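Enquirer: Got a structure for you, questions after.
The values are calculated or read from the model by the stated rules, or taken from the named source; none is laboratory data. The structure displayed is predicted, hence computed values, not measured ones. Here the Cβ positions follow ideal geometry from the backbone for every residue, glycine too, while neighbour counts run over all protein chains shown. Surface accessibility is based on the protein's heavy atoms, side chains included, excluding ligands, DNA and RNA. Shrake-Rupley method; radii C 1.70, N 1.55, O 1.52, S 1.80 Å.
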Amino acid sequence: MALIVNADDPVGEAVAMRLAESGTQIALTGSDAGRLDRTASRLVDQGVPVIAVMTRTADPGEIRESVARVMARFGRIDILVQNERALAAKALEEISDADVGAALEVGVAGPFHYLREVVPAMRQGGFGRVVNISDINYLGLARTANVAAARSGLFGLTRALALESARDGVTVNTVVMGDVDSGTVTDTDRETLVAGIPVKRLGTPADVANAVSFLAADSSKYVTGQTLFVCGGKSAYFSMSI
């Protein structure tokens, strides 16, 4: 079964629907009750066993409780997908103390707490797939210092945990999103963004979900500690696209 963290946005929903196509049982967490319920209802209509749990990503106690509820319902978690929570990027002089705390809390601490609650049982059971969804700001674009710091922290966490867990049948990888159209991009912004993308289109939530599905499958068992860019070639402009 698969636990999808922050499933209350278009990317999280697309991941849930894509994994469910293979018959995977689904657990959803997030803080938007309406979106969680709508996604859960879509899955139920397709006959997919599902549970949706309201959870604030940065609250260790709520994370512990939500994982316990999922385990009580399904008995195990085989796949953990941590969907990135959007952060407001700012230039250095604009970043407040609160901004620093929020970036690290949402971008590093939240994912860490989920990993700590889920991965030990995966390792004990001899199987697991962890996919962390990040974004291209991890490369350190201008005026994104707070976001780049958080995303880079998740990158390091992924690599370290992949090495710790490799011999136990647990893989840990990252999918890095480029510019994805989640339904809120204006025509003007779309034109500007597309101009900087080699394939000349924005990504879709389904593009991200397809990459997650590959890394979550049993057939990807020889892939761990890796970063898969789903960005239409945009990362090729950067020397650090690893």
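Enquirer: For the chain, set up a Gaussian network in which alpha carbons nearer than 10 Å are linked by springs, and say which option among Met177, Met17, Met71 fluctuates the most.
Expert: Looking only at Met177, Met17, Met71, the largest GNM fluctuation is found for Met71.
Enquirer: Can you give me the solvent accessible area of Lys90 with a 1.4 Å probe, rounded to the nearest 10 Å²?
Expert: Probe radius 1.4 Å; accessible area of Lys90 about 60 Å².
Enquirer: Another question about this same structure. When the scattering of the chain is computed by the Debye formula from its Cα atoms alone, each counted once and equally, what is log10 I(q)/I(0) at q = 0.09, 0.16, 0.18 Å⁻¹?
Expert: For the chain at q = 0.09, 0.16, 0.18 Å⁻¹, log10 I(q)/I(0) is -0.36, -1.19, -1.49.
Enquirer: May I ask for the net charge around Leu161, where only other residues with Cβ less than 12 Å from the Cβ of Leu161 are counted and Lys, Arg are +1 while Asp, Glu are -1? Intermediate results must be reported in sequence, preceding the final value.
Expert: Working: positive: Arg116, Arg123, Arg159; negative: Glu164, Asp168.
Cβ neighbours under 12 Å give a net charge of +1.
Enquirer: Pulled fully out, how much extra length does the chain show between Ala86 and Phe127, if you take 0.36 nm times their separation in residues and subtract their Cα-Cα distance? Present the calculation step by step, with values, prior to reporting the outcome.
Expert: Values: separation 41, 0.36 × 41 = 14.76 nm, distance 2.96 nm.
11.8 nm is the gain from fully extending Ala86 to Phe127.
Enquirer: Quick one: Karplus J couplings for the range 188-205, per residue in order, coefficients 6.51, -1.76, 1.60, θ = phi - 60°, nearest Hz, x for Gly and Pro?
Expert: Per-residue couplings from phi come out as 5, 5, 4, 4, 5, 5, 4, 4, x, 10, x, 7, 6, 7, 6, x, 10, x Hz.
Enquirer: Helix 145-165 sits at what angle to the longest principal axis of the chain, using alpha carbons and giving 0 to 90 degrees rounded to 10?
Expert: Tilt relative to the chain: about 40 degrees.
Enquirer: Based on DSSP H runs of at least 4 residues, each adding -39500 (n - 2.57), what is the mean residue ellipticity at 222 nm of the chain after dividing by all its residues, to the nearest 500 deg cm²/dmol?
Expert: Numbers: 8 runs with 105 residues, N = 242.
Mean residue ellipticity, 222 nm, calculated: -14000 deg cm²/dmol.
Enquirer: Using only Cα atoms, find the angle between the long axis of helix 110-125 and the longest principal axis of the chain, and express it within 0 to 90 degrees, rounded to the nearest 10.
Expert: That helix lies at roughly 40 degrees to the long axis.
Enquirer: Would you kindly compute the Cα radius of gyration of the range 1-145 and its largest Cα-Cα separation (Dmax), both in Å?
Expert: Values for the range 1-145 (Cα only, Rg and Dmax): 15.8, 51 Å.
Enquirer: Where the centroid of each part is defined by its Cα atoms, how far is the range 137-163 from the range 1-47 in Å?
Expert: Their Cα centres are 26 Å away from one another.
Enquirer: A further question follows. Which value in Å is the Kirkwood Rh of the range 134-188 over different Cα pairs? Walk me through the intermediate numbers first.
Expert: Details: mean 1/r = 0.0771 Å⁻¹.
One over the average 1/r among Cα pairs gives 13.0 Å for the range 134-188.
Enquirer: What whole-number volume per residue, in cubic angstrom, does the convex hull of the C-alpha atoms of the range 113-242 give? Walk me through the numbers before you get to the answer.
Expert: Details: hull volume 15.5 nm³, N = 130.
Measuring per residue, one finds 119 Å³ for the Cα hull of the range 113-242.
Enquirer: Helix 33-45 sits at what angle to the longest principal axis of the chain, using alpha carbons and giving 0 to 90 degrees rounded to 10?
Expert: For helix 33-45, the angle is close to 60 degrees.
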